[in-house]
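Colleague: Before we start, here is the structure in question, set down as structure tokens.
The values are calculated or read from the model by the stated rules, or taken from the named source; none is laboratory data. A quick note: this is a predicted structure, and the numbers were derived from the prediction, not measured. When we count neighbours, we look across all protein chains shown, and the Cβ atoms used for this are built from the backbone with ideal geometry, even at glycine. For accessibility, only protein heavy atoms count, side chains too; no ligands or nucleic acids. Shrake-Rupley method; radii C 1.70, N 1.55, O 1.52, S 1.80 Å.
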Amino acid sequence: MRFWRVRPGGTYLDGTLGAGGHAEALLSLDPSARCLALDRDPDAVDAASERLKKFGGRVIVVRENFSNAQAVMARFGIPALDGSLLDLGVSSMQLDRADRGFSQIRSGPLDMRMDPTRGETARDLIVRLQAGELARVIREYGEEPHAGKIARVLKEAVSAGRLKTTVQCADLVSRTVPSGSVRPGRHPATRTFQALRIAVNGELESLARFLDFFPEMLAPGGRAVFISFHSLEDRMVKTGIRKFSRRCVCPNDFPKCVCGKPGILRETIRKAVRPSPAEIESNPRSRSARMRVAEKI
Ligand SMILES: C[S@@+](CC[C@H](N)C(=O)[O-])C[C@H]1O[C@@H](n2cnc3c(N)ncnc32)[C@H](O)[C@@H]1O
């Protein structure tokens with residue numbers, strides 16, 4: 001909230017509503033603030049709507065991908081925002097519910113869709129991809145050094161009908177990854193699950209689309225806050241902010257500027273903010289979080 005710099009009577013976008021914790025904090029902080037809150041997960045929308053109903057008409061909750069935020073703003077006649085927030089990744093609610101298929105330790109269908117009404121499940125993805133392509137997904141999105149071997153094991157298991165649940169998947173990965181290569185306190189399948197989830201939900205594609213237009217949504221002085229949990233996402237956010245902060249938007253290999261465009265964003269902090277040891281202790285899932293903030297000029 002401190003980085004968002006809430007302004008009296010401001011209108012804010014929470015693009016990743018989840019359980020509604022950030023939206024509730026915002027609406028409680030300033031009794032005149034309004035919030036447009038999006039989540040693609042129908043369960044999150046239901047739970048957060050219940051939590052936020054005490055704020056009445058100050059909050060609008062919509063089941064939508066944040067990559068369509070501009071269209072939703074237009075639908076509700078919101079011309080500009082005083083701030084936006086993306087708190088990326090999976091929610092505790094999603095991880096904790098076995099039937100959503102995100103958990104390595106609670107057995108459920110190998111699903112992992114944030115919006116369970118559309119798209120392919122993690123199991124469908126493993127069936128569809130060739131072993132090489134699956135290995136690339138696990139290597140790139142999970143930064144998993146044993147991706148090739150894991151992909152082959154998962155492909156064999158799915159063909160033999162031995163891969164239907166999250167725990168079956170986690171067990172197969174655990175038996176494939178050498179124990180010495182797993183960070184203490186981490187489940188051996190964490191990286192693989194992260195990779196499958198990112199691919200199933202097209203998470204990087206949604207973020208890339210948002211990064212293309214987010215400054216247009218902000219009023220002058222409005223701030224965009226990004227919290228990411230993955231180095232790929234953080235790098236995309238950093239590059240996305242810098243693209244609009246530069247004075248010139250010509251490609252790097254142009255010998256001289258032909259666009260004549262001034263920068264439209266200012267990075268309010270140059271380095272990503274990381275959680276304090278106290279924050280990590282109270283919420284261990286925050287340990288890999290990185291926050292970046294940009295302000296519309
Ligand atoms: C880390 S949680 C957010 C937690 C939230 N800030 C809170 O205070 O409870 C991320 C949420 O973003 C949602 N989400 C992820 N990608 C999304 C997207 N492209 N569009 C809309 N919602 C998305 C997920 O469904 C999940 O509920």
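Colleague: Put +1 on the Cβ of every Lys and Arg and -1 on every Asp and Glu Cβ in the chain; which of Pro8, Phe66, Leu27 then has its Cα farthest towards the positive end of the dipole?
Modeller: Pro8
Colleague: Specify, per residue and in Å³, the volume enclosed by the convex hull of the alpha carbon atoms belonging to the range 23-179. Don't skip to the end; give the middle numbers.
Modeller: Details: hull volume 22.3 nm³, N = 157.
Given the Cα convex hull of the range 23-179, per-residue volume reads 142 Å³.
Colleague: Given N residues in the chain, what is its alpha carbon radius of gyration divided by 2.2 N^0.38 Å? Numbers along the way, then the final one.
Modeller: Details: Rg = 20.4 Å, N = 297, 2.2 N^0.38 = 19.1 Å.
Here the Cα radius of gyration is 1.06 times the empirical estimate.
Colleague: Counting pairs of alpha carbon atoms under 8 Å apart in space and at least six apart in sequence, what relative contact order in percent does the range 116-200 give?
Modeller: Numbers: 90 pairs, mean separation 31.5, N = 85.
Rounded, it is 37 percent for the range 116-200.
Colleague: Chymotrypsin sites (Phe, Trp or Tyr not before Pro), restricted to the range 41-99: which are DSSP loop and have at most 12 other Cβ atoms within 10 Å?
Modeller: Answer by residue number: Phe76.
Colleague: Give me the extension gain from Asp30 to Ser179: residue separation times 0.36 nm, minus the current Cα-Cα distance, reported in nm with one decimal.
Modeller: Numbers: separation 149, 0.36 × 149 = 53.64 nm, distance 4.96 nm.
Here the answer is 48.7 nm.
Colleague: Also, quick follow-up: Per residue, how many Å² of accessible area does the chain show with a 1.4 Å probe? It would help to have the intermediate numbers written out before the result.
Modeller: Numbers: 14360 Å² over 297 residues.
Using a 1.4 Å probe on heavy atoms only, each residue of the chain averages 48 Å².
Colleague: Same structure again: Which length gain, in nm to one decimal place, applies between Thr117 and Ser49 when the Cα-Cα distance is subtracted from 0.36 nm times their residue separation? Can you show the working numbers first?
Modeller: On the way: separation 68, 0.36 × 68 = 24.48 nm, distance 1.90 nm.
Fully extending the segment from Thr117 to Ser49 adds 22.6 nm.
Colleague: Among Val158, Gly185, Ile138, which residue has its Cα furthest toward the positive end of the charge dipole of the range 116-200, with +1 on Lys/Arg Cβ and -1 on Asp/Glu Cβ?
Modeller: Gly185
Colleague: While we're looking at this one, here's another question. More than 19 angstrom separation, counting every C-alpha pair in the range 116-200; what % is that? Could the numbers behind the result be given before it?
Modeller: Values: 1009 of 3570 pairs.
That tail contains 28 percent of the Cα-Cα pairs.
Colleague: Still on this model: Quick check: at a probe of 1.4 Å, how many percent of the accessible area of the range 116-200 sits on carbon and sulfur atoms?
Modeller: Values: 2050 of 4190 Å².
After summing per-atom areas, the C and S share lands at 49 percent.
Colleague: Describe numerically, in nm with one decimal, the distance between label points set 7 Å from Cα along Cα→Cβ at Arg242 and at Ala80.
Modeller: 2.8
Colleague: Moving to a separate point now. Once you wrap a convex hull around the alpha carbon atoms of the range 163-297, what is its projected area averaged over all directions, in nm²?
Modeller: Numbers: hull surface 46.7 nm².
Averaging across all directions leaves 11.7 nm² for the Cα convex hull.
Colleague: Additional query: Can you list the GluC sites (Glu not before Pro) in the range 139-169 that are in a DSSP coil and have 14 or fewer other beta carbons within 10 angstrom?
Modeller: Working: sites: Glu140, Glu143, Glu156; in loops: Glu143.
In loop regions of the range 139-169 (DSSP not H, G, I, E or B), the sparsely surrounded GluC sites (Glu not before Pro) are Glu143.
Colleague: So, R0 is 30 Å and r is the distance between the beta-carbons of Leu232 and Thr268; what FRET efficiency does that work out to, to 0.05? Spell out each step's value before the answer.
Modeller: Numbers: r = 23 Å, r/R0 = 0.75.
Between Leu232 and Thr268 the formula returns 0.85.
Colleague: Could I ask something else about it? Remind me, relative contact order of the chain in percent, using alpha carbon pairs under 8 angstrom and six or more residues apart?
Modeller: 16
Colleague: Taking amide H positions as placed in the peptide plane 1.01 Å from N, state which residues far from Gly221 in sequence (5 or more) or on other chains have amide H under 5 Å from it.
Modeller: The answer is Lys296, Ile297.
Colleague: Also: How large is the charge dipole for the chain, taken about the Cα centre, if only the Cβ atoms of Lys, Arg (+1) and Asp, Glu (-1) carry charge, to the nearest 20 debye? Present the calculation step by step, with values, prior to reporting the outcome.
Modeller: Values: 49 positive and 34 negative charges, 166 e Å.
Roughly 800 debye for the chain.
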